[in-house]
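Read through the structure below, which is laid out as C-alpha cells, and then see the notes.
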Amino acid sequence: MGQQEIEAYLNHMADKRNVSASTQSAALNAIAFLYREVLKMEMPCLEKLRKIKRYQTIPVVMSIREVEATLARMTGTTRLMAELMYGSGLRIGECMTLRVKDIDFDLRSITVRAAKGNKDRTTLLPQALIPVLRNHLLKVYQLHKTDLLQGNGYAPMPNALYKKYPSASKSFGWQFVFPSTALRPWRDTPHKVRWHASPSTLRKAFKQAARNASITKHVGPHTLRHSFASHLLAAGTDIRTIQKLLGHKNIETTMIYTHIQPDYNHVSSPLDHILRD
C-alpha cells in the first residue's frame, strides 16, 4: 500500500455522497498511525488527495419563550440541571461532572474543570438558581453523611489524585453536585464510590418536556448551551466575553452565533410591498 493506493482509497470516499469530511479525516489519521507507529515508516506525500469539504451548519437555538416553556414542564433535579446548563452555558458532561467545591456562591461563579481541550474555565452562576442550588446541595450533603456512616462516602478522583490524597475523596467538596443513586466499586481500591448521574436521565426528561411544550425544533440539552450564547449576544454581551464563558479556543467558533440572529430590522421582504387580497 503506497501513495497511489492510499490516494485511491481516500478519493473514493470523497466520490461517495454519503461520507462526511470527518469520516475521511478519521481514515487518513488511521493510515498515518499505521505508518508511524506500526510500520515505523514515513507516510508518502498525498499530492492528489481530494479532501471532502466540511458542511458548515448553524446550531439550533431555542427562543426565550421556548426555553421557558420547556423548563416549566420539567421538575426536580433534572430541571435544575437544565436550568444550570442554560444559565451557565455548560455542556451536558460538564454539568454532570460538576463538583461541590467548584461552586462559589459568594462570587456567583462556577469553575469548570478539564473541559473540552482539557482546560479549566470560569462561568456564571445565575443569581436565580442560588436558593434552589443551596437546597439541593443540602440534600446531597445528607446523602453523603449517610454514605459515611455506612463506611462509604467516597467520590471518584481524577487521574491519580486518589493515591496522592486518599482522604480527600471522602470530603464533601469532592462530591458530585448531581450524584448517582447507586454506589459502585472504584478501580483497585476496596471502596465504593458514588459517581455522577447519567446524562441519559437529563436527555430523556428534556426531550419529553420539549415535546409537551410543542417544540418542533430538533432540540436536546446541548441546545441550551447554544441558546445561552445566542441570548447573551442578543442582549448586547460582547463576543469576547461569550467566548470566555463558553471556553472556546478560537473566536471563529463563537462567531457562528452571530449568524443565528442576523439583524434584518432594516430590511423588508419584497413580498411585504405587495398588497394581498
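Worth a mention:
- Residue-wise HN-Hα couplings along the range 111-125, as the Karplus relation 6.51 cos²θ - 1.76 cosθ + 1.60 with θ = phi - 60° gives them from phi, are 9, 9, 9, 6, 6, 4, x, 6, 10, 8, 8, 10, 9, 6, 10 Hz; Gly and Pro carry x.
- Short-range pairs are left out: with C-alpha atoms under 8 Å and at least six residues apart, the relative contact order of the range 100-177 is 29 percent.
- In Hz, Karplus ³J(HN,Hα) per residue of the range 249-255 (6.51, -1.76, 1.60; θ = phi - 60°; x = Gly, Pro): 6, 10, 5, 4, 5, 6, 5
- When shorter helices are ignored and each DSSP H run of at least 4 residues is given -39500 (n - 2.57), the per-residue value for the chain at 222 nm works out to -12500 deg cm²/dmol.
- From the coordinates of this entry, Cα extents along the principal axes in Å is computed, and it appears in (1) 73, 66, 34; (2) 51, 45, 30; (3) 54, 41, 37 under the label (1).
- The chain: DSSP helices with Cα axial extent of at least 24 Å and average Kyte-Doolittle hydropathy no lower than 0.0: 130-149
- Report note on the peptides 161-174, 198-211: ranked by the mean count of other C-beta atoms within 10 Å, highest first, their order is 198-211, 161-174.
- Cα-Cα over 21 Å, subset of K40/K119; K145/K170; K116/K139; K119/K244; K145/K192: K40/K119; K116/K139
Throughout, read-outs are computed from the coordinates displayed, never taken from laboratory work. Quick caveat, the model's predicted, so the values are computed rather than measured. Every residue, glycine as well, gets a Cβ built from its backbone with ideal geometry; the counts of neighbours run over all protein chains shown.
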